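**Q** Quick one: structure below, then a few questions.
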Amino acid sequence: PLISTRYCGGGMVDTGYNLNIVTWNVGGIHSPVKRKKILQSLHRKKIDIALLQETHLDTAEHLKLRTWWVDRVYDNPAMGRRAGVAVLVRKGVDFQVERQYQDRQGRYLLLQGTLAGKRLVLGTYYGPNVQDLAFSRQFRRLLLSLAHLPLILGGDFNAVADPEMDRSDVGRRRWGAGGRTIAYYADVLGLVDLWRALHPGERDYTHLSRAHDTWSRLDYILISESLFPNIRDAQIAPVAISDHAWVECRFQVGHRIGATALWRFPRDLYDDPAYSAYIQTQWKYY
């Protein structure tokens, strides 16, 4: 992880480091060859926490993901060869899990705990590819029950946030099987579509539908607004190995040395056009 230092009021020093977090629909990793490629790719890019979907693995097979750089694997096993999600944590990452929440279909896994001393919920999510109102209501109720804690949720939502911006076939206003899921999470739970907040007005996609020859942005990292100042970057990687691209963010964690330090707004955000655009957009809802 990248070490960073910021000076604060009273001569105190704020020290921290960036964790690289990705969400990735891996499209089934039962094959040892593909599984090795996935792990090598994550290791090569120095990923600290990987939120995986569609692993198609049971719990015993998920344990095979614990390898030379992966310290811990948390999983919700697949039903047969469908779904299956997992969270991989690199060796040396200070993440302590207190409680796990998961469904019986292998579609989501939420981990409540502390990340570098900060209490939060970290989750991976694979949305149904057909409309499932009962499942959606159940998951929303769970998120509402945990709304007192900051949330980092990565996943393949099988839905787009904006049909005009997040599909290559802009003439067809289709939200996807997940409907207006992303808008609900933004409006009701106060979650931020991280990539869009940092790349307003840009077009990029995470999945190619070969049947329709269209691109869509189906994969997201959603975070609580309170965590947004901790974000240093968010990118969509090229599609490789899987038929989905991963979405990556750099999340700053750390602590301040000195009990009398005064917090100051990060100076670099004053000149950040993406952050300014995000604030202007959110101000309308204040």
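**Q** How much net charge surrounds HIS244 when only other residues with a Cβ under 11 Å from its Cβ are counted (Lys, Arg +1; Asp, Glu -1)? Walk me through the numbers before you get to the answer.
**A** Values: positive: ARG217; negative: GLU54, ASP156, ASP219, ASP243.
Every neighbour counted, the sum reads -3.
**Q** If you don't mind, another one. Normalised by the empirical 2.2 N^0.38 Å for globular proteins, what value does the Cα Rg of the range 12-52 take? Kindly include the intermediate steps, with their values, before the conclusion.
**A** Details: Rg = 14.0 Å, N = 41, 2.2 N^0.38 = 9.0 Å.
Dividing the Cα radius of gyration by 2.2 N^0.38 Å gives 1.55.
**Q** Here's another thing I want to ask about it. Taking 0.36 nm per intervening residue step and subtracting the Cα-Cα distance, what contour gain separates PHE135 from TYR17 on full extension? Kindly include the intermediate steps, with their values, before the conclusion.
**A** On the way: separation 118, 0.36 × 118 = 42.48 nm, distance 3.69 nm.
Roughly 38.8 nm would be gained on extension.
**Q** Further question: Which pairs in the list LYS64/LYS91; LYS64/LYS118; LYS34/LYS91; LYS34/LYS118 are over 24 Å apart, alpha-carbon to alpha-carbon? Mind showing how you got there, number by number?
**A** Working: LYS64/LYS91 15 Å; LYS64/LYS118 29 Å; LYS34/LYS91 22 Å; LYS34/LYS118 34 Å.
Where the Cα-Cα span goes over 24 Å, the pairs concerned are LYS64/LYS118; LYS34/LYS118.
**Q** Using Cα pairs under 8 angstrom and six or more residues apart, how large is the relative contact order of the range 63-117, in percent?
**A** Values: 101 pairs, mean separation 17.3, N = 55.
Relative contact order comes out at 31 percent.
**Q** A further question follows. Taking Cα pairs under 8 Å and at least six residues apart, what relative contact order does the range 89-236 come out at, in percent? Intermediate results must be reported in sequence, preceding the final value.
**A** Values: 255 pairs, mean separation 29.4, N = 148.
20 percent.
**Q** If you build the convex hull over the alpha carbons only and average its shadow over all orientations, what do you get for the range 28-127? Give it in nm² to one decimal. Write out the running numbers ahead of the final one.
**A** Details: hull surface 24.0 nm².
If you wrap the Cα atoms of the range 28-127 in a convex hull and average its projections, you get 6.0 nm².
**Q** Contour minus end-to-end for ARG72 and SER209, with contour as 0.36 nm per residue of separation and end-to-end as the Cα-Cα distance? Don't skip to the answer; put the middle values down first.
**A** Details: separation 137, 0.36 × 137 = 49.32 nm, distance 3.30 nm.
Length difference between fully extended and current span is 46.0 nm.
**Q** Cut-off under 19 Å on the C-alpha distance; same-chain residues fewer than 8 positions from LYS46 excluded. Which aspartates and glutamates are left, in chain and number order?
**A** ASP71, ASP94, ASP233, GLU248
**Q** Considering only the other residues whose Cβ falls under 13 Å of the Cβ of TYR126, what net charge follows from Lys and Arg at +1 and Asp and Glu at -1?
**A** Values: positive: ARG82, ARG107; negative: GLU54, ASP75, ASP103, ASP132, ASP156, ASP219.
Every neighbour counted, the sum reads -4.
Read the figures in this text as sums done on the coordinates, not as results from a lab. Please read all numbers here as calculations on a predicted model, not as lab measurements. Methodologically, a virtual Cβ is constructed for each residue, glycine included, from the backbone with ideal geometry; neighbour enumeration extends over all protein chains shown.
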